[in-house]
1. For region 127-173, which whole percent of the accessible surface, found with a 1.4 angstrom probe, sits on carbon and sulfur atoms?
2. Report the FRET efficiency, 1/(1 + (r/R0)^6), for Glu173 and Ser127, where r is their Cβ-Cβ distance and R0 is 41 Å, rounded to 0.05.
3. Contact order normalised by length for region 102-190, with contacts defined as Cα pairs under 8 Å and 6 or more residues apart; what percent is it?
4. What figure in square angstrom, to the nearest 10, would you give for the accessible area of Ser174 with a 1.4 Å probe?
5. Taking 0.36 nm per residue of separation and subtracting the Cα-Cα distance, what length does fully extending Ala146 through Ala13 add?
6. For region 103-190, take the convex hull of the Cα atoms, compute a quarter of its surface area, and give me that in nm², please.
7. On a full-extension model of 0.36 nm per residue, what is the gain between His188 and Asp117, subtracting their alpha-carbon distance, rounded to one decimal in nm?
8. For Phe8, Phe159, write out the residues from largest to smallest accessible area, computed with a 1.4 angstrom probe and no ligands counted.
Amino acid sequence: MTNYVKAFAVMIAGLLLGFAMTAVSLGLGRGFGALHAGPWTAWPRHGAADIDPYARAVLARSGEAPLGRDQGLAFFARTDSSGAPLDGRCDYRILDSTPAARFWTLGAASAAGRLIDNPADRYAFTSSEITRREGGSFEIDIGAQARPGNWLPVAREPFVLVLRLYDTPLDVESAPDPTTFPKIVKLHCA
């Protein structure tokens, strides 16, 4: 009888350890095959048939529907260009370099990936609606306080920026050139 109790205890401990390790694995990242360009990171396989099981589990848990590989690519930034975490108590400026794409969107989300509720009902900018300067360049200001021009509101908490490139010729098999991606510059903090 004691051998059965010991075997049962070992089995339960193994199950609990397995569940704990799975929870940790899902909470630490978005899978394998990340593509980095400065502060921007994408996972090109998320929209492909050969997605790894950890990434599949993360996407199933979050409910996110990634772009298909032939549709485009989503890049996420959790830090500014100097490597400091993005914080809604600070103001930022995004400078206008974007990789080649037929269309792009750039928006802010909460650290958990949800839309940030704001009185301006502004959640993202698109390449077709952004106000540009002469010559085609643009800047986007990010912060909790309203300002004129291209302003993207955020809450006074950590946030993430999401750059979606649609129909892009970007080569996902090699490291993209970080100079072709938007720079995220911290201006000041409250």
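The values are calculated or read from the model by the stated rules, or taken from the named source; none is laboratory data. In this text the structure is predicted, and so the values were computed from the model without any measurement. No Cβ is skipped: glycine too gets one built from the backbone with ideal geometry, and neighbour counts run over all protein chains shown. Surface areas here come from the heavy atoms of the whole protein model, side chains and all, with no ligands, DNA or RNA. Shrake-Rupley method; radii C 1.70, N 1.55, O 1.52, S 1.80 Å.
1. Solvent-exposed carbon and sulfur of region 127-173 make up 46 percent of the total.
2. Approximately 0.95, to the nearest 0.05.
3. 35
4. Only protein atoms counted, so the area is about 50 Å².
5. 42.5 nm
6. 7.2
7. Gain on stretching His188 to Asp117: 23.3 nm.
8. Final ranking, largest accessible area leading: Phe8, Phe159.
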